[in-house]
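The next block holds one structure in the form of structure tokens; read it before the comments.
Throughout, read-outs are computed from the coordinates displayed, never taken from laboratory work. All of these numbers come straight from a predicted model, not from anything done at the bench. Methodologically, a virtual Cβ is constructed for each residue, glycine included, from the backbone with ideal geometry; neighbour enumeration extends over all protein chains shown.
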There are 2 protein chains.
Amino acid sequence: MEVDTRTRILDIARDLITTQGYGSTSIAQIAEKLGTSKAALYYHFKSKEEILDAILAEPLAALSELTDKAAADQPGKHAEEVLAAMIDFVAGPCSCLAAFEKDPSVLHQWAQRNNLLDKEEILITSLVGPKPNTTKIIRARAALAVAKQGTSAALAMGDGELSTDARKEILAAAVRALG
Amino acid sequence: MEVDTRTRILDIARDLITTQGYGSTSIAQIAEKLGTSKAALYYHFKSKEEILDAILAEPLAALSELTDKAAADQPGKHAEEVLAAMIDFVAGPCSCLAAFEKDPSVLHQWAQRNNLLDKEEILITSLVGPKPNTTKIIRARAALAVAKQGTSAALAMGDGELSTDARKEILAAAVRALG
DNA sequence: GTCTATATAAAGATAGAC
DNA sequence: GTCTATCTTTATATAGAC
């Protein structure tokens, strides 16, 4: 079962961008790993930016679904579910968004165009609960950081797999951080 | 009281790299903000890399001091102090290291040369305590994430100042995450 | 769909005048 | 210390043959 070229390009690009960053990853590098010329690559994508868009399209949609759900509930009502959803997001096939959003060259361009910070804001609001104040916001951001960082740490230790035990542990730590 | 050119360059570069990333910040951009030519800039620094090194020299030394202290204690003994030290580090004049270490283009080059991940490892070890296991490591990374992310969130809300209340709150959240 | 070749722009860096 | 001018490399992207 052959994987089509478009998919291979995205896999290679995702890999390179994850380790080097978007700004420091060149079309030439991607083409080299692909085993073809740069021109061949431009047959499949009309720009470097389009490659980034293609990589992040599904992750963005998945995150949007998550934030839509979080926004529908009243703030603070289902904080634990939101944290669990974030853990599963980072552990799942859309994890690259969580990795890329730390890259300033992505943040500066793609993230602004796609309102990524707004979505983060929605998650925070849903964790904060009613009557927000500085303390609650700090705790909410702390909890979200635990969900993200804890999960990627667990994945690194578990060969890319998140055990149910680890998941439970991360969620508990995030809930504790939330106070 | 004039600020010397070298310092101005570092201030400008630190600013640009923070928002755009190292790989996406060019000498030309720095020179433009400086109000001089690129050649003038090369009189003060012989390469782009040297600018990065100069920016991070003090922060690296400060972090090393922190990890040396953490490594001297027996593991798990003074976890709260370590977390507090990390909060103050992120809130202090060396905060740019915490910002830069999220940039893959910095991680890929500078961080490897300077064993940044080793230093992170030392901090984790000092938080984990004796008889490490997966759970303890997850909790340690969670706590460290709270210290870092919580602090930068608090700084963003407080115009760059970390109030004593916020500091107490972040530390408490980190300790809770640690379990 | 892939190639070679090339256009075009931007990057890092240097030479030498002032 | 700063300038203009230039070198060299690398980047994104395209043209046109196969």
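Okay, helix-only estimate at 222 nm for chain B: each DSSP H run of n ≥ 4 adds -39500 (n - 2.57), divide by all residues, round to 500 deg cm²/dmol; what do you get?
Roughly -23000 deg cm²/dmol at 222 nm, from the helical runs in chain B.
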**Report entry** FRET efficiency estimate (nearest 0.05) - Cβ-Cβ, residue A:29 to residue B:113, R0 22 angstrom
**Finding:** 0.60
Requested in this report: With springs connecting C-alpha atoms under 10 Å apart, model chain A as a Gaussian network and identify which of A:35, A:76, A:129 has the largest mean-square fluctuation.
Outcome: A:35
Query - Rounded to the nearest 20 debye, dipole of segment A:1-118 from Cβ charges on Lys, Arg, Asp, Glu - result: 480
Query raised in the report: Which FRET efficiency value, to the nearest 0.05, is calculated for residue A:161 and residue B:4 with the Förster distance at 51 angstrom and r the Cβ-Cβ distance?
Result: 0.45
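Could I get the Rg over Rh figure for the protein assembly as shown? Both from C-alpha atoms, Rh via Kirkwood, rounded to two places.
When Rh is taken as the Kirkwood radius, the ratio is 0.98.
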Query - Most fluctuating residue given options B:68, B:118, B:165, as computed from a GNM of chain B linking Cα atoms under 10 Å - result: B:165
Report task. Kindly give the distances from residue A:15 to its copy-mates, label point to label point, with each label point 7 Å from Cα along Cα→Cβ, as nm values to one decimal ordered shortest first. Result -> 4.1
Requested in this report: Could you list B:90, B:3 in order of exposure, starting from the residue whose Cβ has the fewest other Cβ atoms within 10 Å?
Outcome: B:3, B:90
Report summary line: segment A:1-101, convex hull of Cα, quarter of hull surface, nm² -> 7.7
Requested in this report: Return the average number of partner chain Cβ atoms within 10 angstrom of each residue Cβ along peptide A:163-172.
Outcome: 3
Query - Angle in degrees between helix A:116-128 and the longest Cα principal axis of chain A, rounded to the nearest 10 - result: 20
**Report entry** Proportion of all alpha-carbon pairs of chain B beyond 30 Å (%)
**Finding:** 25
Query raised in the report: Given label points at 7 Å from Cα along Cα→Cβ, what nm distances, shortest first, separate residue B:74 from the same residue in every other copy?
Result: 5.2
Report task. Multiply the residue separation of residue B:72 and residue B:49 by 0.36 nm, subtract the distance between their alpha-carbon atoms, and state the gained length in nm to one decimal. Result -> 5.1 nm
Query raised in the report: GNM, chain A, Cα, under 10 Å: largest mean-square fluctuation among A:99, A:79, A:153?
Result: A:153
Report summary line: Relative to chain B, whose Cα atoms define the longest principal axis, helix B:48-72 and its Cα axis are tilted in degrees, nearest 10, by 20
Query raised in the report: Where the label is 7 Å out from Cα toward Cβ, how close does residue B:155 come to the same position in every other copy, in nm, shortest first?
Result: 2.6
Report task. Using θ = phi - 60° and the Karplus relation 6.51 cos²θ - 1.76 cosθ + 1.60, list the HN-Hα couplings for segment A:81-88 in order, rounded to whole Hz, with x at every Gly or Pro. Result -> 5, 4, 5, 4, 4, 5, 4, 5
